[in-house]
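A.B. asks: Right, I'll just put the structure down here and ask away after.
The values are calculated or read from the model by the stated rules, or taken from the named source; none is laboratory data. Quantities reported herein were computed from a predicted structural model and do not represent experimental measurements. Positions of Cβ are backbone-derived with ideal geometry, glycine not excepted, and every protein chain shown enters the neighbour counts. Each accessible area value is taken on the protein alone, full model and side chains, heavy atoms only, with ligands, DNA and RNA left out. Shrake-Rupley method; radii C 1.70, N 1.55, O 1.52, S 1.80 Å.
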Amino acid sequence: MGKPITDLATLAIGFGLPAEGLNFQALGGGHINDTWLVGSSEGSKIVLQRINTTVFRHPEQVVANHLRVFEHLQTQPTGLALLAPRAWQNGAFYTYDPAGHFWRACDFIPQTFGCEQAESLDQISATGQVFGRFLRGLITLSPVDVFTTIPHFHNAIRRSRALADAAFQGLPQRCREAAPELAYIRAEQSLFVFLTRLPLPERVVHNDAKIANVLFSQDSRQPCAVIDWDTIMPGSILCDFGDMVRSLVTTAAEDEPDPAKIHLDEERFAALVKGFIPEMRDALAPVEGKHLLLGAHWIILEQAIRFLADYLLGDPYYKTAYADHNLVRARNQLCLYRELRSKAPVLQRILDAV
Ligand code: GN1
Ligand code: MG
């Protein structure tokens, strides 16, 4: 985030903001890219982003997908505000700075705010509904029209293998520290073999369907937009449902260290499915409807694996705020996963009843 403000100004002006009275606010929520909200004195605002090109190796494809999704969703009755991409001076929707960093921008959706954690059951239902509408809108977009910007993104078997490699090659002290978690994950990962055998339809999905990626209207307090379209690519609806459970049904932030505070709450789950399922019901294939809850198992265990592998390797992937941050995140996800395992029959009954 240590970019000199003058460079940000040049970029903001290049993406079409007037030069007068520019102001910059770092938006620190993301784990991967660097993001700023840039305003000008005449009132317009854009979101300016430096893409992490170690993670997104073909950032032009991220931008191409964004444009494709934007054009497609404009034709769909989602009722949601959309992220309009901004063109650079030359008409492309991105630019490189002199240091070779990749930048892109989109319009800020005015009068909105973000939220890291759900505050009420109504908010959970409304967020599930908005993701349902968004995904419903994407269902008519063919996966062949969208780039796979991160190959094997939700290939949990590869992720498990990467964890096994990290346990072998990672920082020895960290590998010792994480031995119980490694053993637990090893015992659970046969789930992923079962998942690969399911004939899941490939669809264009969001792939990061967490509450932090929803904007709420300042007037109505209702969710009005789904943001962070970087990982929209071919994948499975189960993953998006899993991320919703991971972020909306938990009682604590993703990096809460105290296990006593981390729970998967049945009422929250019921609120999520009440919002999400009616939007999606007639679009889901039977194999998807039947295995939605497995999507939560998949994504929560996979997320624990990803955080843990990163910890073992010395945190090359996720931004961290302190030394054990990724270990804390991994343990947090494993708490959720254990509760998911024990509450699965109850949660499945809730799903069956909607
Ligand atoms: C990353 O940067 P952010 O917060 O949008 C990650 C997601 C994880 C998420 C965990 C490209 O998303 O897959 O689920 O962190 N994005 C990428 O909160 O790896
Ligand atoms: Mg994301």
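A.B. asks: Given the criterion more than 30 Å from Leu272 (Cα to Cα) and within 16 Å of ligand 1 (Cβ to nearest atom), identify the matching residue among Ala26, Ala92.
C.D. replies: Values: Ala92 fails: within 16 Å of ligand 1 (Cβ to nearest atom).
Being more than 30 Å from Leu272 (Cα to Cα) and within 16 Å of ligand 1 (Cβ to nearest atom) holds for just one of Ala26, Ala92, which is Ala26.
A.B. asks: Additional query: Out of curiosity, is Ser160 over 18 Å from the mean Cα position of the chain (by Cα), exposed (fewer than 14 other Cβ atoms within 10 Å of the Cβ) and not acidic (Asp, Glu)? Can you show your working first?
C.D. replies: Numbers: over 18 Å from the mean Cα position of the chain (by Cα): yes; exposed (fewer than 14 other Cβ atoms within 10 Å of the Cβ): no; not acidic (Asp, Glu): yes.
When the stated conditions are applied, Ser160 does not pass them.
A.B. asks: Give the range 239-263 a look and list any residue that's surrounded by fewer than 24 Cβ atoms within 10 Å (Cβ to Cβ) and within 11 Å of ligand 1 (Cβ to nearest atom), or say none. Lay out the reasoning, then the answer.
C.D. replies: Taking the range 239-263 and keeping what is surrounded by fewer than 24 Cβ atoms within 10 Å (Cβ to Cβ), we get 251-263.
Residues satisfying the conditions are Ala253, Glu254, Asp255.
A.B. asks: Further question: Any residue that is crowded, with 20+ Cβ neighbours inside 10 Å, on the phi > 0 side of the Ramachandran plot and of a type in the set (S, T, N, Q) - is there at least one of those in the range 188-207?
C.D. replies: Looking for residues that are crowded, with 20+ Cβ neighbours inside 10 Å, on the phi > 0 side of the Ramachandran plot and of a type in the set (S, T, N, Q), one finds at least one in the range 188-207, hence yes.
A.B. asks: Show the residue pairs meeting these rules: Cβ distance below 9 Å; 6+ apart or different chains; first residue within the range 89-100 and touching a residue at least 12 places away in the same chain (Cβ under 8 Å); second residue basic (Lys, Arg).
C.D. replies: Phe93/Arg86; Phe93/Arg104; Tyr94/Arg104; Thr95/Arg104; Asp97/Lys3; Asp97/Arg50
For every residue, the table says whether it meets (1) open to solvent by less than 70 Å² (accessible area, probe 1.4 Å); (2) not assigned by TED's automatic domain parsing to the domain that holds Phe56; (3) not polar (S, T, N, Q).
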{"residue": "Tyr311", "(1), (2), (3)": "yes, yes, yes"}
{"residue": "Val328", "(1), (2), (3)": "yes, yes, yes"}
{"residue": "Arg331", "(1), (2), (3)": "no, yes, yes"}
{"residue": "Ala344", "(1), (2), (3)": "yes, yes, yes"}
{"residue": "Gln348", "(1), (2), (3)": "yes, yes, no"}
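A.B. asks: Still on this model: Just the residues that are open to solvent by 60 Å² or more (accessible area, probe 1.4 Å), part of a strand (DSSP E or B) and within 28 Å of Arg246 (Cβ to Cβ), please, taken from the range 86-117.
C.D. replies: Quick first cut of the range 86-117, residues open to solvent by 60 Å² or more (accessible area, probe 1.4 Å) only: 89-90, 94, 96, 98-99, 101, 110-111, 116.
This time we only want the ones that are part of a strand (DSSP E or B), so: 96.
Scanning the range 86-117 gives no hits.
Residues checked against (1) modelled with pLDDT of 95 or more; (2) among the basic types (Lys, Arg); (3) in the same structural domain as Gly28 (by TED's automatic domain parsing); (4) in contact with a strand residue (DSSP E or B) (Cβ under 9 Å, 6 or more places away or on another chain):
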| residue | (1), (2), (3), (4) |
| --- | --- |
| Gln74 | yes, no, yes, no |
| Pro98 | no, no, yes, no |
| Ala105 | yes, no, yes, yes |
| Ala126 | yes, no, no, yes |
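A.B. asks: Based on what the data block shows, is Leu17 surrounded by 19 or more Cβ atoms within 10 Å (Cβ to Cβ) and farther than 23 Å from Phe147 by Cα? Reasoning before the result, please.
C.D. replies: Working: surrounded by 19 or more Cβ atoms within 10 Å (Cβ to Cβ): yes; farther than 23 Å from Phe147 by Cα: yes.
In short, yes.
A.B. asks: I would also like to ask the following. So Glu267 clears everything in (1) under 20 Å from Phe307 (Cα atoms); (2) surrounded by fewer than 15 Cβ atoms within 10 Å (Cβ to Cβ) except one condition, right? Which one?
C.D. replies: Checking Glu267 against (1) under 20 Å from Phe307 (Cα atoms); (2) surrounded by fewer than 15 Cβ atoms within 10 Å (Cβ to Cβ), the one that fails is (1).
A.B. asks: Kindly list, by first and then second residue, each pair from a residue in the range 195-217 that is farther than 18 Å from Pro143 by Cβ and without any contact (Cβ under 8 Å) to a residue 24 or more places away in the chain to a residue that is open to solvent by less than 30 Å² (accessible area, probe 1.4 Å) and more than 10 Å from ligand 2 (Cβ to nearest atom), limited to pairs with Cβ atoms under 7 Å and residues at least 6 apart or on different chains.
C.D. replies: Partner pairs satisfying both residue conditions: Asn213/Val226.
A.B. asks: Among the residues of the range 30-74, which ones are assigned to a loop (DSSP other than H, G, I, E, B) and of a type in the set (Gly, Ala, Ser)? Even if it seems obvious, please write down each step before you answer.
C.D. replies: The first filter runs over the range 30-74 and keeps only residues assigned to a loop (DSSP other than H, G, I, E, B), leaving 30-33, 40-44, 52-58.
Result: Gly30, Ser40, Ser41, Gly43, Ser44.
A.B. asks: Given the options Leu121, Leu83, Leu135, name the one that is closer than 17 Å to Gln61 by Cβ and either touching a helix residue (DSSP H, G or I) at 6+ places or on another chain (Cβ under 9 Å) or open to solvent by 30 Å² or more (accessible area, probe 1.4 Å) (or both).
C.D. replies: Numbers: Leu121 fails: closer than 17 Å to Gln61 by Cβ; Leu135 fails: closer than 17 Å to Gln61 by Cβ.
Result: Leu83 is the single residue among Leu121, Leu83, Leu135 that is closer than 17 Å to Gln61 by Cβ and either touching a helix residue (DSSP H, G or I) at 6+ places or on another chain (Cβ under 9 Å) or open to solvent by 30 Å² or more (accessible area, probe 1.4 Å) (or both).
A.B. asks: Restricting to the range 38-54, and then to whatever is under 19 Å from the mean Cα position of the chain (by Cα) and open to solvent by 20 Å² or more (accessible area, probe 1.4 Å), can you tell me which residue is nearest to ligand 1 (Cβ to nearest atom)? Outline the logic, then answer.
C.D. replies: Step one: filter the range 38-54 for residues under 19 Å from the mean Cα position of the chain (by Cα), giving 47-54.
Next, from what is left, pick out any that are open to solvent by 20 Å² or more (accessible area, probe 1.4 Å): 47, 49-50, 52-54.
Working: Val47: 13, Gln49: 11, Arg50: 13, Asn52: 8, Thr53: 12, Thr54: 11 Å.
Residue satisfying both the conditions and the ranking: Asn52.
A.B. asks: Moving to a separate point now. Taking the condition closer than 20 Å to Ala296 by Cβ, among the polar types (S, T, N, Q) and within 16 Å of ligand 1 (Cβ to nearest atom), does Thr196 pass? It would help to see each step written out before you state the result.
C.D. replies: On the way: closer than 20 Å to Ala296 by Cβ: yes; among the polar types (S, T, N, Q): yes; within 16 Å of ligand 1 (Cβ to nearest atom): no.
No.
A.B. asks: Okay, moving on. Would you confirm whether any residue within the range 173-180 is surrounded by 22 or more Cβ atoms within 10 Å (Cβ to Cβ) and touching a residue at least 24 places away in the same chain (Cβ under 8 Å)?
C.D. replies: Residues of the range 173-180 that are surrounded by 22 or more Cβ atoms within 10 Å (Cβ to Cβ), as a first pass: 178.
After this cut, where a residue has to be touching a residue at least 24 places away in the same chain (Cβ under 8 Å) as well, the list is 178.
There is at least one residue in the range 173-180 that is surrounded by 22 or more Cβ atoms within 10 Å (Cβ to Cβ) and touching a residue at least 24 places away in the same chain (Cβ under 8 Å).
A.B. asks: Here's another thing I want to ask about it. Just checking, does the range 285-297 include any residue being within 16 Å of ligand 1 (Cβ to nearest atom), under 20 Å from the mean Cα position of the chain (by Cα), at pLDDT 95 or above and among the aliphatic types (A, V, I, L, M)? Don't jump to the end; show me each part of the working.
C.D. replies: Residues of the range 285-297 that are within 16 Å of ligand 1 (Cβ to nearest atom), as a first pass: 295-297.
Filter again for under 20 Å from the mean Cα position of the chain (by Cα), leaving 295-297.
Applying the additional criterion that residues be at pLDDT 95 or above yields 295-297.
Still in the running and among the aliphatic types (A, V, I, L, M): 296.
The answer is yes; a qualifying residue exists.
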